[in-house]
1. How much net charge surrounds Gly88 when only the other residues with a Cβ under 14 Å from the Cβ of Gly88 are counted, with Lys and Arg +1 and Asp and Glu -1?
2. Out of the GluC sites (Glu not before Pro) in the stretch 71-155, which ones are loop residues according to DSSP with at most 16 other C-beta atoms within 10 Å?
3. Summing +1 for each Lys or Arg and -1 for each Asp or Glu, what net charge is found among the other residues whose Cβ lies under 9 Å from the Cβ of Thr54?
4. Between Asp5 and Asp47, what is the label-to-label distance in nm when each label sits 7 Å out along the Cα-to-Cβ direction?
5. Given points 7 Å out from each Cα along the Cα-Cβ axis, report the Arg160 to Ser199 separation in nanometres with one decimal.
6. What are the radius of gyration and Dmax of the chain, computed over its Cα atoms and given in Å?
7. Mind checking the dipole of the stretch 197-285: about its Cα centre, +1 per Lys or Arg Cβ, -1 per Asp or Glu Cβ, Debye to the nearest 20?
8. PRE reach from Val122 (point 7 Å along Cα→Cβ): which of the stretch 62-104 fall under 17 Å by backbone N?
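Coordinate-derived values only; no laboratory data. Quantities reported herein were computed from a predicted structural model and do not represent experimental measurements. Because the Cβ atoms are built from the backbone with ideal geometry, glycine has one as well, and the counts that use them run over all protein chains shown.
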Amino acid sequence: MRVDDRGNVTEVGEVPGVAGEGEGGLLGIAFDPAAPSTLYVYATMGDENVVVRTRYVDGSFGEFETVLDGIPAGFRHDGGRLLFGPDGMLYVATGETGNPDEAQNLDSLAGKILRITPDGEVPPGNPFDGSPIYSYGHRNVEGLAFDDEGRLWASEFGDREADELNRIEPGGNYGWPAVEGIAEGDEYIDPVVEWSPTSVASPSGLAYVRDTFFVAALRGERLWRVPVVDGDAGEPTSFVEDRGRLRDVAVAPDGTLWVMTNNTDGRGDPREGDDRILRFELAAG
Ligand SMILES: [Ca+2]
């Protein structure tokens, strides 16, 4: 779908071969800033998750080609967020597919954040030789954002104890399934922010603008706002608390904030007209 700034929605085309069960399906999209008519898609196809790409020219798609395959898929925890970094590389968030131990297995792409070239190759500078894995020990990451300093951050669904906002370091182990939330040990990198209980957050999409992260909360049914001070996160506050489940948030080129509801995902309470994309003006300063 293409949505213009007046809210008009146009169906552009279909991504062939998408067949997800449970939480699988067509989960993420990203345009390459260095090749703006190339669209990348993260989707479940067959029994795996893949990244494919196509050209978007004159209002329609060309052929789709596979960029990266072999990402495990599951009935739940399929990750799916795509984001190009300031280094021109594509960052890919995956989930552990309901198999927690896979998050610690460096031979599996499940429960990881991956870093690949736009062609799907392993780029120079990745922390593990010959591997697209950039960080591990993740349960299910559905939110990625870079701050003004080029640092990568990720939201993370917790299980029973705490949801997380993490600052991602190359080669970092974020603890799942050994620990959840802030553990204060030496072995794993603690989140910068945790939400407990998980019913107040369950964070999916993540966006950054002007020293602030915005975190779309599914079960929490609100938009969390987290100020960033000198690379650390301040106390979260929340708004947009009357629209139900929020799946994603993005900053548009004009500086407005776009928020996607997800009340029709089988776990929500759909209202007439759901789901919606909401657009907010951000206060100056
Ligand atoms: Ca963690």
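1. Working: positive: Arg115; negative: Asp32, Asp87, Asp119, Glu121.
Spelling it out: positives minus negatives among the neighbours equals -3.
2. Values: sites: Glu96, Glu102, Glu121, Glu142, Glu149; in loops: Glu96, Glu121, Glu142, Glu149.
Qualifying residues, ordered by number: Glu121, Glu149.
3. Details: positive: Arg53, Arg55; negative: Glu63, Glu65.
Here the count lands on 0.
4. Those two pseudo-labels are separated by 4.8 nm.
5. Between Arg160 and Ser199, the label points sit 1.5 nm apart.
6. Spelled out, the Cα radius of gyration and Dmax of the chain are 17.7, 53 Å.
7. Details: 11 positive and 15 negative charges, 38 e Å.
It comes to approximately 180 debye.
8. Under 17 Å, as judged by backbone N against the label point of Val122, lie 68-72, 90-92 of the stretch 62-104.
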